[in-house]
Structure formats: C-alpha cells, structure tokens
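See structure below.
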Amino acid sequence: MLSRITGFRVLHLLLLTACIDYEFGKDPAQPALDTADTSDSPPDDETDIGPSDESCNGVDDDGDGLVDEEYGDVDGDGAADCVDDACVSEVPSPRSEVSDACGGSVDAGVPPANPWNVEILWQYLGSGVASTPAIGDLDGDRIPEVVFNNDAAGGSTVVLDGVTGRRKWSVTGMDPYSGPALGDIDGDGFGDVVTSSGSCFGEHVVSAYDRDGVLMWRTPIGNACETYANLTDLDGDGDVEVIVNEYVLDGATGAVLFTLDITGTNWGAPAVADMDNDGTQEILLETDVFDAAGNLLWSCGTGGNGTFPQPVNVDADDEGELLVAGANRMTLCDDDGTVLWSRNYSSYGTAVCVADFDNDGVQEFGFAQSGNFYLIESDGSNRWVTPVNDSSGLAGCTSWDVDYDGVPEVVFADERDIMVLDGATGAVVVRDPNHGSPTAAETPAVADVDGDGHGDLVYGSMSSDYTGITVITGAEGDWPYARPVYNQYTYYGENVGDDLSIPAYAEAPWRVDANLFRGQPSAVFLQAQPNLRVDIADVCFASCDADGRVEVQVQVWNDGVADVADAMVALYGLPGGAETLLEARATGPIASGASVELLFVTTADEVGDGLHVVVDRDGALDECDEGDNEDTWADAPCP
C-alpha cells in the first residue's frame, strides 16, 4: 500500500490556502489562517482544499492543477516518489592532477655527474652511536624520522626529524649496542619503534613505543646480546609479529607467542624469508631454519658469538639457501641443510650484505674479517679483497647503487673510516676518516631521510671527530632516488612499505629484481607508482520506496606517477547498519593524472543508512599511498 508523507501534504495545504485567500480578494495583510490543524477535515469556511480523492498515479485526479500533491518527492524533480522511477545524478567533472607527495618515485634522475663528491647533510653529535640507524615516517607527515640507540644516559633510543636532525623524543635505559626496528605493529596506520634495554649477555627487555614516544608494551626476553628485532607477518593473517632473538612476540600486545628451540647461542639478528616458496615465511636464527609456527626444519653450519643468518639464492631452483656467518666459519647450506661449502676466518661472526655486485646475474657476499673486506662469489671463492681497519669483523655492511648504473656499491664503516667501495672491483670511491667506532654489530643505512627525492647515507660514530649520527649526501644534489625507509637490520625493500606498514607477505629477496639482502634497492629497480583515490561524488534518490531507484556517481582518479591498467571498485551499502557489498566493477585503464567516472544503480533499501566505496580493496596495486583508497557517504534522506 502506498504511503503518504505528511510533511509534504502540510506544505501544500499552506500554499493552497494562501492562493484561495488571494482569489477571494481578502486583504493580504490580514492575519494568516491558523494551519496548525493538519487533519484531513476541511476548514470551517467549507472551502475544500484537500483532494480527498487524489491517488498517487501521476494523474490530477481532483482537477486542481496539481498532480499527486500529497505524496513525497524526495529528489525534488516534480514527480511523487510512488511513481518516480528516475533521478538525475550529477556526473563529476574529470580530474587532472598529480600529487606532489607521489612525484618523487618516478623521477629517479640521471646518473650523478660526480657521485663520489659528498657533503654532510646534518649531524647529531654528543653521544656515541654503535648501532644501526633505522629510518621511516612514524607519524604520517611524509617526513622520515631517523631512530637509533646511543650511549647517552647509560643508553637511549633517540628519534630525530629527518629534515633538520633535531630531536623529537627519546627514552633512556636502552642498550646502546642494540638497534631499533620501525613498523606499524598494531595496525593503527602509524609507525612504532621497537627497541630493547640490557647489556651484552645480560637480561634484556623489549619495549615498543608509538610515534609520540608513548610506551605500548614491555616484554622481558632473558639474556641476550646486541638485539636487532625483525618485524614481519609470519603467517599472512594481517597481524605483525616481532622476533627478537629466540622470542616471537605479538606486535600489538608484546605477548610471547612462542620461543624458538635454538641449537646454538642467541646472539645474532633473526631474519625472515619464504625459503621454500610455499607462501609463508620461515624464521632464520643463528644456524637454524624454523617454520612460521616455530618448528625446527633444519640446521646449517656452526654458530657462536655474533652469528648472523642470511637468506640467499645461488642455484637454478627457486628455493632459498642459508648463508651462516658464524664465529670463525662461514657456511652455505642448500634448502635441505646440505652443506655446499664452508670457509674459515677468525674472530666473531658478521652481518653480510648480499647483492649482485658485479652485474653477472648471481649474488655475491660482502663481509669484513681480519683487517680485510672480502667480496666472495656464490661458490665461496674470493672476487676481491680490500684492506680495512677492522680486526674483529663484527661490523656489517649494506649496499646501494650510488652512481645509478644498476650495480650496487658496498657501504661499510670500520674502526676508523666510513667507506663506499665499488662493487665490481673493491676500489674505495668514498672515504671519510673522521668516523671511528669500536665496531659492534652495526651497519650503515641508506634512505631518503629528508624527503627530497635523493638518497642519503646514515651512520653512527664514536670518535673524537664524530660522536653521534652523521648523514651524508651527494654534494651536487643529484644522488639518485632512494626509498624514504630503512626500517630494520634485515631490511631489503620488500619487507616494509613506505608508510611503515608490514606486508602480509613479502617476496623473498631473490624473487624480486633488486636481488639483495641488507641493502637499499637501486632506483633502477624501483617502479614509478600509481596512486588511486575515490570519491562518492553524487547520490540521487528517486524514491524512498524500498525498491526506489538510487543513482551513485563514483569518481576514481590516479594522482600517482604511473598509469594503471585496471583496478576494482567495490560499492557497499549499509542496510540495517550492516555493510553489504552491492557491486564490484573494473575501472579500466587510468593514466597518471586522469580519472574515470562510474555510475552505480541500486535501491533505497540496499543503501540503507549510507554508502562506502573502496578502490583496489585487495591491494593488488603497489601504490604510492595505500591509505587513501576509500570514501563514505551518510546523508541518506529516507527514514
């Protein structure tokens, strides 16, 4: 049965009464009639202004010149809701815009004219740093923070502004020889800091702080030495795990999920990779490989103080091999634990940087031992040897393609110098002798710390010249593009987003073009990124009847710097307040700086309390900003 909407009927009675008064020649200045009575009975003067026999049918049944005047017209098009099957929604004007925030990823630049001419961007001096710096945008303002541990106040974790080098906040009581890791561990869209307190071989406590330095949780992990946490999603369920030595913690709460039954010592940074290509991550700690649930799969080589595991690939199959750099010996094992080769050296283990340093398509391994830096081939033979001032070999290296030729350089800091070494020959192409360090397990880091589109080199020092953090960059201002993130000791690019999100699944290092571990991918391998955004531009209700037509104009635009071949847009309604998928549709191609306009047609009943639209809901596209892919609308006119 068709319903009448009282409000519209009252408005019509008022207008009709005014017209009748005017036709009888009454003084327009006289008091208005009392229209408080909204009943269906005629007024006292027995003038019939109510169409007692009007029906909602699109016809003037009572001959008063008005059609279906007692019935609602929610879209204001002159047709009553009960007979209205059309509305006119407004198609939005096409957009043509590219976001400045996404522009850096396409302009990697040209090879620097003089890549080995460097200058200091900024320094933060005063307290010694023997830990690996971490870089990432904690607070979502698109300016990275630089985070590190130093020896101030017995040990502190310090957070600096990446543009100015000024301190934003710090916490004391931390281990100066351990290093922080950055990532969104609780899913709130902002980065967090994971760090630890304690001293070598003594009781350690892992702590997590939010972007403002507010403590999130604190978890004891027993005796440890030089801890470097790994942030990952082991099982792909969207929840982040924090792996610190043999402890696997829940990222949101710090609760201990399980501990790894290691066969050796716990001194060394855990690594994570999908070693067997089964879609879940394996945990690498010292000499052991564990599955995502903590079950030991196999072991490789010998461990000892400062043992570091590296996921590598040296053969034709897609499964990973394990390179164990332990005390006095380096061992490479196949994907079942079979020893492929081993070589002796002296003193501690070491953190190895892994990359194709000579552009032959095969990984090489870089490390320091016994006063030399070695680059060895995947078969264990030496490619080149360069003298350095580091007898312990505990300090590690990283890599980056400074001259933008597609082949990375080695970046290493010994007891005296910070150096950049040519990857193919071992020649020292950059050296700063003002560095100085007792060389714990730290490595340098590479990232765009100030958001200017050019990479920078970040390292800690403990010398009479530099005691603190130094950031150097190309003196010509033309060092190539680097990502604005280097979030943890085991960083290799795929294991964190620019916004410090931790992916549900990260491809293993050798399955991506950059083919490196513990380094910053070359700009050659960093693709220009699109950035899709979406807006509910207009909604038109023809009727409030349950099956009344509703038109929804949705606009999707790409303000990134790369074209999109296709993407999916999903429109949801809120009938009864419960989100329900109404329709999913492909956009087709969207060029950089362009838009597409899509019309969705549904009903008032399906819309319910509002609408929600999402583009690229399954995350199929690698976008500049993954946090701006949805819009909501809550102005439904129907009760």
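The values are calculated or read from the model by the stated rules, or taken from the named source; none is laboratory data. In this text the structure is predicted, and so the values were computed from the model without any measurement. Backbone-built Cβ (ideal geometry, glycine too); neighbour counts: all protein chains shown. Note: accessible area is taken over every heavy atom of the protein model, side chains too, but ligands, DNA and RNA are not part of it. Shrake-Rupley method; radii C 1.70, N 1.55, O 1.52, S 1.80 Å.
Note down all Cβ pairs under 6 Å where the first residue falls in the stretch 127-139 and is in contact (Cβ under 8 Å) with a residue 60 or more places away in the chain and open to solvent by less than 10 Å² (accessible area, probe 1.4 Å), the second is of a type in the set (Asp, Glu) and in a strand (DSSP E or B), and they're at least six residues apart or on different chains.
Leu138/Glu145
Testing Asp545 on (1) out of contact with any Leu (no Cβ under 8 Å at 6 or more places or on another chain); (2) open to solvent by 10 Å² or more (accessible area, probe 1.4 Å); (3) in a strand (DSSP E or B), one condition comes back false. Which one is that?
Failing condition for Asp545: (3).
Would you confirm, using the coordinates I've provided, whether Ala130 is at pLDDT below 90, under 30 Å from Pro180 (Cβ atoms) and among the aliphatic types (A, V, I, L, M)?
no
On the basis of being over 26 Å from Pro484 (Cα atoms), of a type in the set (A, V, I, L, M), open to solvent by 20 Å² or more (accessible area, probe 1.4 Å) and out of contact with any Leu (no Cβ under 7 Å at 6 or more places or on another chain), does Ala591 make the cut?
Details: over 26 Å from Pro484 (Cα atoms): no; of a type in the set (A, V, I, L, M): yes; open to solvent by 20 Å² or more (accessible area, probe 1.4 Å): yes; out of contact with any Leu (no Cβ under 7 Å at 6 or more places or on another chain): yes.
In short, no.
Between Leu260, Leu332, which is open to solvent by less than 40 Å² (accessible area, probe 1.4 Å), more than 26 Å from the chain's Cα centre (by Cα) and closer than 15 Å to Asn230 by Cβ?
Details: Leu332 fails: closer than 15 Å to Asn230 by Cβ.
Being open to solvent by less than 40 Å² (accessible area, probe 1.4 Å), more than 26 Å from the chain's Cα centre (by Cα) and closer than 15 Å to Asn230 by Cβ holds for just one of Leu260, Leu332, which is Leu260.
Within the group Ala252, Ala269, Ala316, Ala292, which residue is of a type in the set (A, V, I, L, M, F, W, C), part of a loop (DSSP other than H, G, I, E, B) and without any contact (Cβ under 8 Å) to a residue 12 or more places away in the chain?
Ala316
Look at the stretch 367-385 and say how many of its residues are among the polar types (S, T, N, Q) and either in contact with a Leu (Cβ under 6 Å, 6 or more places away or on another chain) or closer than 16 Å to Thr443 by Cβ (or both). Walk me through it before giving the result.
First, the residues of the stretch 367-385 that are among the polar types (S, T, N, Q): 369-370, 372, 378, 381-382.
Among the residues that remain, those that are also either in contact with a Leu (Cβ under 6 Å, 6 or more places away or on another chain) or closer than 16 Å to Thr443 by Cβ (or both) are: 369.
Summing the residues that are among the polar types (S, T, N, Q) and either in contact with a Leu (Cβ under 6 Å, 6 or more places away or on another chain) or closer than 16 Å to Thr443 by Cβ (or both) in the stretch 367-385 gives 1.
Val158 fails exactly one of the following numbered conditions: (1) in contact with a Gly (Cβ under 8 Å, 6 or more places away or on another chain); (2) in a strand (DSSP E or B). What is the number of that condition?
Condition (1) is where Val158 drops out.
Do we have Gln520 as under 22 Å from Cys624 (Cβ atoms), open to solvent by 10 Å² or more (accessible area, probe 1.4 Å) and either of a type in the set (D, E, K, R) or outside any strand (DSSP E or B) (or both) here? Write out each step before concluding.
On the way: under 22 Å from Cys624 (Cβ atoms): yes; open to solvent by 10 Å² or more (accessible area, probe 1.4 Å): no; either of a type in the set (D, E, K, R) or outside any strand (DSSP E or B) (or both): yes.
No: the conditions fail for Gln520.
Every residue, every condition in (1) within 30 Å of the chain's Cα centre (by Cα); (2) free of Cβ contacts under 8 Å to residues at least 60 places away in the same chain, yes or no:
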residue	(1), (2)
Ala604	no, no
Gly608	no, yes
Leu621	yes, no
Asn629	yes, no
Pro637	no, no
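Kindly establish whether Leu234 is of a type in the set (A, V, I, L, M, F, W, C), under 22 Å from the mean Cα position of the chain (by Cα), buried (at least 17 other Cβ atoms within 10 Å of the Cβ) and over 21 Å from Asp139 (Cα atoms).
yes
Given (1) assigned to a loop (DSSP other than H, G, I, E, B); (2) open to solvent by less than 10 Å² (accessible area, probe 1.4 Å); (3) touching a residue at least 60 places away in the same chain (Cβ under 8 Å); (4) among the polar types (S, T, N, Q), identify the lone condition not met by Thr350.
For Thr350, the failing item is (3).
Scan the stretch 335-345 for residues that are open to solvent by less than 60 Å² (accessible area, probe 1.4 Å) and of a type in the set (A, V, I, L, M, F, W, C) and jot them down.
Trp341
Taking the stretch 443-476, which residues are open to solvent by 10 Å² or more (accessible area, probe 1.4 Å), of a type outside the set (A, V, I, L, M) and in a loop (DSSP other than H, G, I, E, B)?
Listed by number, the residues that qualify are Asp450, Gly451, Asp452, Gly453, His454, Ser463, Ser464, Asp465, Tyr466, Glu476.
Can you name the residue in the stretch 145-195 that is closer than 17 Å to Gly451 by Cβ and of a type in the set (Asp, Glu) and is also surrounded by the fewest Cβ atoms within 10 Å (Cβ to Cβ) among such residues?
Asp161
Considering (1) among the aliphatic types (A, V, I, L, M); (2) crowded, with 21+ Cβ neighbours inside 10 Å; (3) assigned to a strand (DSSP E or B), say which one Ala440 fails and leave the rest.
Looking at each condition in turn, Ala440 falls short on (3).
Output the residues belonging to the stretch 247-256 that are hydrophobic (A, V, I, L, M, F, W, C) and either over 18 Å from the mean Cα position of the chain (by Cα) or at pLDDT below 95 (or both).
Correct list: Val248, Leu249, Ala255, Val256.
Yes/no matrix, rows are residues, columns are (1) modelled with pLDDT under 95; (2) out of contact with any Phe, Trp or Tyr (no Cβ under 9 Å at 6 or more places or on another chain); (3) not acidic (Asp, Glu):
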residue	(1), (2), (3)
Cys225	yes, no, yes
Ala229	no, no, yes
Gly236	yes, no, yes
Asn245	yes, no, yes
Phe258	no, no, yes
Asp261	yes, no, no
Thr265	yes, yes, yes
Ala269	yes, no, yes
Ala273	no, no, yes
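Do you know which of the residues in the stretch 263-296 that are farther than 25 Å from Asn223 by Cβ and of a type in the set (Gly, Ala, Ser) is surrounded by the fewest Cβ atoms within 10 Å (Cβ to Cβ)?
Gly279
Can you tell me which residues in the stretch 370-389 are surrounded by 24 or more Cβ atoms within 10 Å (Cβ to Cβ) and either assigned to a strand (DSSP E or B) or at pLDDT below 90 (or both)?
Answer for the stretch 370-389, where residues must be surrounded by 24 or more Cβ atoms within 10 Å (Cβ to Cβ) and either assigned to a strand (DSSP E or B) or at pLDDT below 90 (or both): Tyr374, Leu375.
Okay, residues lined up against (1) over 19 Å from Gly460 (Cβ atoms); (2) touching a residue at least 24 places away in the same chain (Cβ under 8 Å); (3) assigned to a strand (DSSP E or B):
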residue: Gly165; (1), (2), (3): no, yes, no
residue: Ser207; (1), (2), (3): yes, yes, yes
residue: Gly213; (1), (2), (3): yes, yes, no
residue: Met216; (1), (2), (3): yes, yes, yes
